[in-house]
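In what follows, a single structure is set out as C-alpha cells and then discussed.
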Amino acid sequence: MSNTTAVPRTLPVFSLTGKTALVTGAARGLGREFLLALVASGARGICADLSLPSCNDSIAAIRTELLTNPTLSTTVPFAADGSDIPDMHGIAVDVTDEESVKACFKEAVEKFGSVDILVTAAGICQNIPAEEYSYADWKKVMSVNLDGTFLCAREAGRYMIAAAKAKVAADPVQPTPETGTAPLVVPKTTGSIIMISSMSARIVNRPQPQCAYNASKAGVSHLCKSLASEWAQYGIRVNALCPGYQMTELLKGVMEREGPELANGWMAGTPMGRLGVPRELRGAVVFLGGEASSFMTGQEMVVDGGYEVW
C-alpha cells in the first residue's frame, strides 16, 4: 500500500552535510539562491558580500525561507525553531581586493574549520556599445567578474591543497587497482569550486551590447578549465555554471527601464519560450558542490532553456 505522506527520497551523494560552502555575492540575487540551496542540502554557509549588514539580512531571509517553504525541507523538515538549520556566517569582502579576499577565507576557516565548496557568484554587467566603453568601466567589469573569481579560487585552492596534503600525510598508503591491496573505491573530493560563468561566455547576447561582460565570462569559463587541470591531482574539482536569462530582481529592473520588447526577444530565442527562475539553478549548484558530480571537472554546465541550440 502506498504512503502518500512519505518524505521525499534522494541519493545520499546529494547531501552536503558536514561541508562548508562559501558563496560570494550571496547578499542577493543568484548568490543568495545558491547559498540557500547549499544550506538546505546540509552545508554550513558563508555569506560573503560587500556589506556585512546585507550579508546578515540575507542569512535571516534564508532561515525564514527554510522554515516556511515546504519544498526546501529536504527529506526531513527542519525544526520549527530552526535549531537544526546548518550554521551560517556573514563576512564582508571586496572580491577585487587581494587582502580582503585573504581575510575572508581566513575568517571562514577559523569559523568552520574548512572551506569545502566555493561558489563565485559576485559579478556585474554593463550594457554599453563597445565604441563608447571607457577603459575604466572595462577594467571595473573585469576586476569584479574575472579577477575576483581568480582571487577567490586561488585562496580556496590554497586551503584545499593544504587539506589534501594533510590527508595524504595522515594516510600515505593510498590503495590503487594496480596494488590489489584494496577494492577500487571512489575517492572523496577534497574541494569543489563552482565558478558562476554565463551562457554569455559561449554566445553573444543580442540586442544589448555587453562586450566586457561577455569577455569576462569567457575568461571565467577558461579559468575554470585551467584550474581544473592543475588541481585535479589534489582532489579539487573546478566547474563552471552557465545560466541563461534569469528573472532576477536586477533583470526585472532592466525590463522596467527598457520595456517588455527586450525580454520578449529573449524568450522568442529560447526553445522553452520563457526566462529562467532563479530557484531552477538550485539543483545544479548542489549537484556540482557534492559527491554526486565526483567525476566531473573542468566542465561548463549550461542551464539556459535551450537558448544556445538556436
**OP:** Would you look at the GNM of the chain, springs on alpha carbons closer than 10 Å, and say which of Y213, Y245, Y135 moves the most?
**Re:** Y135
Original post:
What does the accessible area of D116 come to, in Å² to the nearest 10, when a probe of 1.4 Å is used?
Top reply: 30 Å²
**OP:** Compare the Cα positions of A268, S100, G157 along the charge dipole of the chain (+1 at Cβ of Lys, Arg; -1 at Cβ of Asp, Glu; about the Cα centre) and return the one farthest towards the positive end.
**Re:** G157
Original post:
How large, in percent, is the carbon and sulfur part of the accessible surface of the chain at a probe radius of 1.4 Å?
Top reply: 57 percent
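Given the pairs K19/K139; K140/K217; K111/K140; K106/K217, which span a C-alpha to C-alpha distance of over 24 angstrom in this model?
Numbers: K19/K139 35 Å; K140/K217 14 Å; K111/K140 31 Å; K106/K217 27 Å.
In this structure, K19/K139; K111/K140; K106/K217 exceed 24 Å between Cα atoms.
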**OP:** Counting only heavy atoms of the protein chains, get the accessible area per residue of the chain (1.4 Å probe) and round it to a whole Å² value.
**Re:** 50 Å²
Subject >> Cys residues of the chain counted as unpaired, since no other Cys beta-carbon is under 4.7 Å >> reply: C104, C125, C152, C211, C224, C242
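Packing-wise, with mean Cβ within 10 Å as the measure, how do 97-110, 119-132, 268-281 rank, highest first? All intermediate terms of the calculation are to be shown ahead of the outcome.
Values: 97-110: 16.7, 119-132: 18.2, 268-281: 15.1.
Result, highest mean Cβ count within 10 Å first: 119-132, 97-110, 268-281.
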Subject >> Choice from G148, G244, G265 with maximal GNM fluctuation in the chain (Cα, 10 Å cutoff) >> reply: G265
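For H222, H89, give me the order by solvent-accessible area with a 1.4 Å probe, most accessible first, ignoring ligands, DNA and RNA. Walk me through the intermediate numbers first.
Working: H222 115, H89 45 Å².
The most accessible residue leads, giving H222, H89.
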Original post:
Can you list the HN-Hα couplings for region 56-64, worked out from phi with the Karplus curve (6.51, -1.76, 1.60; θ = phi - 60°), rounded to whole Hz and with x for Gly and Pro?
Top reply: 5, 5, 5, 4, 4, 5, 5, 4, 4
Original post:
How far is helix 148-170 tilted, in degrees, relative to the longest principal axis of the Cα atoms in the chain, given as a value from 0 to 90 rounded to the nearest 10?
Top reply: 10 degrees
**OP:** With everything on Cα atoms, drop me the angle between helix 249-258 and the longest principal axis of the chain, reported from 0 to 90° to the nearest 10.
**Re:** 10 degrees
**OP:** Please work out the Cα center distance from region 87-150 to region 214-234, rounded to the nearest Å.
**Re:** 16 Å
Original post:
What percent does the relative contact order of region 204-310 come to when contacts are Cα pairs within less than 8 Å and at least six residues apart?
Top reply: 39 percent
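Counting only helical runs of four or more DSSP H residues, what would the 222 nm mean residue ellipticity of the chain come to if each run contributes -39,500 (n - 2.57) and the total is spread over all its residues?
Details: 9 runs with 123 residues, N = 310.
Taking each H run of at least 4 residues, the total per residue is -12500 deg cm²/dmol.
At a threshold of 8 angstrom on Cα-Cα distance, excluding pairs fewer than six apart, so keeping six or more, what relative contact order does the chain reach in percent? Please list the in-between numbers first.
Details: 566 pairs, mean separation 58.1, N = 310.
It comes to 19 percent, rounded to a whole number.
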**OP:** Note the full-extension length gain between A80 and A170 as 0.36 nm times their separation in residues minus their Cα-Cα distance, in nm to one decimal.
**Re:** 28.3 nm
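The values are calculated or read from the model by the stated rules, or taken from the named source; none is laboratory data. Quick caveat: nothing in here was measured; it's all calculated off a predicted structure. Don't worry about glycine lacking a Cβ; one is built from the backbone with ideal geometry, like all the others, and counts go over all protein chains shown. Remember, those area values only see protein heavy atoms, side chains included, never the ligands or the DNA or RNA. Shrake-Rupley method; radii C 1.70, N 1.55, O 1.52, S 1.80 Å.
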